[in-house]
Structure formats: C-alpha cells, structure tokens
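This report concerns only the one structure given below.
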C-alpha cells in the first residue's frame with residue numbers, strides 16, 4: 001500500500017511566488033537557462049541550475065556549482081524569500097492550461113515504496129543524469145523539484161480535493177506561458193497561519209486513502225525520483241541507527257488522479273533517409289504502412305496506428321498494416337510501432353537513446369516545429385498520436401518499460417513552490 005505523508009514545507013512568501021516558480025531544470029540547456037534567470041534573481045532556476053551564476057569556463061558539474069546552489073537556497077531562506085510552515089501539512093497544487101484543470105496532492109512518498117515497486121516506473125534512467133541530481137539534492141540537503149506521480153482515481157480523495165478547493169488558496173497566479181497555478185494548504189495541526197483548510201482529521205483521511213491504493217506511478221521525473229531515492233539510501237548508510245521516520249526516507253511528490261492527466265505526443269525528426277532516395281524510401285515503408293499524401297497542411301494523426309510524415313515540404317499519412325499491430329502493452333504502443341516497423345528497419349535507427357541522427361520534439365511545440373527542423377537540419381519528420389495515460393499504467397503494471405521519449409506531459413510542475421529538507 002502506498003505511503004504518502006504530509007511534510008514540513010519550505011515555500012516562497014506569497015508576494016514572490018510567481019517570480020520564484022520555475023520550469024523543471026531539464027527543460028533548458030545551459031544557454032537557455034542563463035537567459036531565463038537574467039534579470040530575475042528570485043527564479044528558482046538560479047538554484048536548480050546554479051551554473052548560471054558562473055561564466056562558461058566553469059563546468060556545469062563543477063563542485064562550485066552545487067555549493068553555489070546550497071548557498072543561494074540558504075541565503076534566500078535567511079532573507080525571508082521562503083517561509084517554513086508550521087508542522088506537517090499536505091498541499092493541493094492545481095494547474096490550468098487551455099481551460100483544463102488538473103489538481104495534485106503535494107506530499108512526501110517513501111523511498112521504500114520506490115525500492116519495493118509500489119511506486120512504479122515506465123522508463124529506464126541514465127546514470128550520468130542521475131549523478132547530477134544526486135549531487136544537487138545531497139549538497140543542498142533538499143528536494144527542490146517534485147516528482148510527478150499518478151494514481152488511479154479514488155473517490156475519497158476526489159471529495160477531499162473538492163472540499164479543500166472551496167477555501168482560499170495560498171497562491172493564485174498565471175505564469176508567463178499562460179499556465180494558471182493555485183495552491184492550497186491542508187494543515188495538520190492548529191495554529192497554522194491562514195489561509196488553510198482541514199485539520200488533523202482531513203490529513204489522516206488523505207493518508208488513509210493513499211494507504212488503500214496499491215500503487216502509484218511515475219508520470220514524469222524518473223531521474224529526479226531515482227536520484228532522491230539514492231540520496232536517501234546514502235543517508236541511511238551514513239546514519240546506521242536511522243528509524244525510518246527521518247525526512248531523508250521520503251521524497252517530494254505531487255500526485256494526480258489519472259482521469260485528469262493529458263499526455264501530448266512526442267514527435268520524431270531524422271537527419272537522413274539512411275542512404276535511400278525518395279522512391280526507395282517510399283518503397284521500403286510501403287511494406288508495413290499504407291501511404292496517403294495530405295499536401296502542405298500540417299497533419300497530426302487522430303487515432304492509434306496512424307502517423308504523420310513530413311518530407312520535402314509535403315505531409316503524408318502513414319497507417320500501420322495489421323502485421324505491425326500488437327496487443328502487447330509495449331509492442332502495441334505507437335512509438336514502438338514506428339520504431340520497430342520504420343525507424344529501425346528502414347532508417348537504421350537501432351537505439352534511439354544513443355543515435356545522433358534522431359531527435360525528439362515535444363508536442364507542446366506544435367507541428368510547425370517539425371517543419372522548421374526539416375527545413376533547417378533534418379530530412380524527415382513524424383508526428384505521433386499521443387500515448388494514453390491508461391497505456392502508461394498498463395506498461396507499468398506489467399513491470400515493463402516504454403521506449404524512450406514515449407510521453408510528454410503538460411503542463412509542467414513548477415520547481416521552487418515546495419521544498420522538502422532531508423533533515
């Protein structure tokens with residue numbers, strides 16, 4: 001059963017919350033991160049990507065970068081940019097995009113649940129990416145970017161969330177990208193400064209409801225989750241008399257009901273046709289796909305088993321033939337069909353994790369971005385039908401892993417609104 005606990009939260013003072021809130025660290029490269037933090041010393045990206053505080057001569061993974069992150073966080077806490085709430089609380093975090101709301105419960109999850117498979121994953125992680133966040137969490141002594149988790153909808157939690165949202169929020173702002181952000185506190189004890197909702201009874205009800213849920217699922221943030229768990233296990237070795245209740249045994253999460261989540265497509269672009277001319281390429285893909293020319297209007301598929309393709313300023317619809325389809329939770333994914341029936345056998349993309357000839361474009365960037373990349377530095381683009389949240393849960397429940405770049409979640413959780421100290 002899932003252990004999902006309230007926690008002592010460090011969060012930005014209300015009047016600066018909109019300036020502090022930042023997109024996840026891995027959305028940007030170094031140059032982009034430097035542009036974002038320029039002129040906004042309160043952006044949490046200054047802490048999440050502390051190499052922005054140095055010139056290019058300082059490596060992104062230099063010890064000084066992690067020390068600077070700790071220094072900035074401690075300094076801003078001391079200056080009152082952040083406040084520490086009294087006692088252990090839950091929070092609600094609502095994000096609104098294009099008129100659609102999703103509301104998650106902000107809490108701490110058990111590293112043992114991750115180790116034992118109660119928190120299920122659907123992606124592999126890369127050690128080099130883990131090491132960066134391990135060092136960041138360990139040095140700052142804090143979880144600063146929450147893990148995006150999903151759970152199968154639960155009526156008790158649905159009713160509690162609706163009740164809490166009738167109260168006054170702690171934060172209510174719209175970020176520069178047009179996403180609405182609202183936060184409510186569910187106080188675990190009396191004496192908590194207004195506004196808050198609930199009391200010990202509501203906190204206990206949330207904890208009990210999650211205890212009845214057999215599993216939660218990592219939707220986004222596999223590397224952050226793995227890193228947080230490894231730091232927790234490291235702290236256990238350093239503290240052999242640990243009880244299991246220390247903060248380092250838990251990591252910061254926001255948990256959303258599956259019914260509210262939407263996955264956008266993760267599109268593909270490829271640098272060349274693997275030595276084929278256009279006629280040879282079409283002959284090869286016609287073995288596994290029906291091809292229909294769509295013209296110059298951008299084309300995105302409207303159902304499973306179909307793909308858009310952009311080549312030489314023309315869009316096509318590719319429909320997978322029956323032999324490409326599968327009831328297997330992984331092989332039946334559209335990203336697997338494209339990989340197994342076209343990218344690998346025709347274009348020679350054997351391992352999309354390491355092949356430099358392929359790139360991945362999040363659906364939030366639109367089909368115009370595919371056209372731009374083909375005009376600038378790529379040869380062919382593929383628009384995808386998005387993986388569904390149910391497909392993700394089925395893969396995770398089967399103990400399997402999705403191909404890389406299978407899901408793109410929007411809107412993204414902001415970092416800096418909730419901070420959890422490890423001790």
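Read-outs throughout are calculated quantities, based only on the coordinates presented, and are distinct from any laboratory measurement. Owing to the predicted nature of the structure, the values given are computational and were not obtained by experimental measurement. Cβ: placed from backbone, ideal geometry, glycine included. Neighbour counts: every protein chain shown.
Using the Cβ-Cβ distance between residue 283 and residue 354 with R0 = 25 Å, the FRET efficiency computed as 1/(1 + (r/R0)^6) comes to roughly 0.35.
Order by neighbour count: 136, 143, fewest other Cβ atoms within 10 Å first, most last.
Values: 136 26, 143 29.
Neighbour counts put them in this order, fewest first: 136, 143.
The label-point distance for residue 314 and residue 302, in a model that sets each label 7 Å from Cα toward Cβ, rounds to 2.3 nm. Put in order of Cβ neighbour count within 10 Å, fewest first, the listed residues 378, 262 become 262, 378. Each of 138, 26 has some number of other Cβ atoms within 10 Å of its Cβ, and from fewest to most they run 26, 138.
Can you give me the relative contact order of segment 11-78 as a percent, contacts being Cα pairs under 8 Å and 6 or more apart? Don't jump to the answer; show the numbers that get you there.
On the way: 50 pairs, mean separation 18.0, N = 68.
That works out to 26 percent.
Between residue 204 and residue 398, the simple spin-label model (points 7 angstrom out along Cα→Cβ) gives 4.2 nm.
For residue 174 and residue 243, calculate 0.36 nm times their separation in residues minus their Cα-Cα distance, and state this gained length in nm to one decimal.
Working: separation 69, 0.36 × 69 = 24.84 nm, distance 4.14 nm.
Between residue 174 and residue 243, full extension yields an extra 20.7 nm.
Distance between Cα centroids, segment 74-148 to segment 202-267: provide it in whole Å. If we compute the Cα centre of each part, the gap is 8 Å.
Say R0 is 56 Å: what FRET efficiency, to the nearest 0.05, do residue 331 and residue 78 get from their beta-carbon distance? Mind dumping the intermediate values first?
Numbers: r = 54 Å, r/R0 = 0.96.
Step by step, r from the Cβ atoms, then E = 0.55.
Against the chain, whose longest principal axis is taken from its Cα atoms, helix 63-78 shows a tilt of about 50°.
Between helix 127-140 and the chain there is an angle of about 20 degrees, using the helix long axis and the longest principal axis of the Cα atoms. So I have (1) 40, 24, 21; (2) 82, 31, 16; (3) 45, 27, 17, and one of them is semi-axes √(5λ) of the Cα gyration tensor in Å calculated from this model. Which one is it? It is the one labelled (1). Comparing 27, 254, 174 in a Gaussian network model of the chain, where Cα atoms under 10 Å apart are tied by springs, the biggest mean-square fluctuation is seen for 27. Tilt of helix 367-376 relative to the longest C-alpha principal axis of the chain, in degrees (0 to 90, nearest 10)? For 367-376 against the chain, the angle is about 60 degrees.
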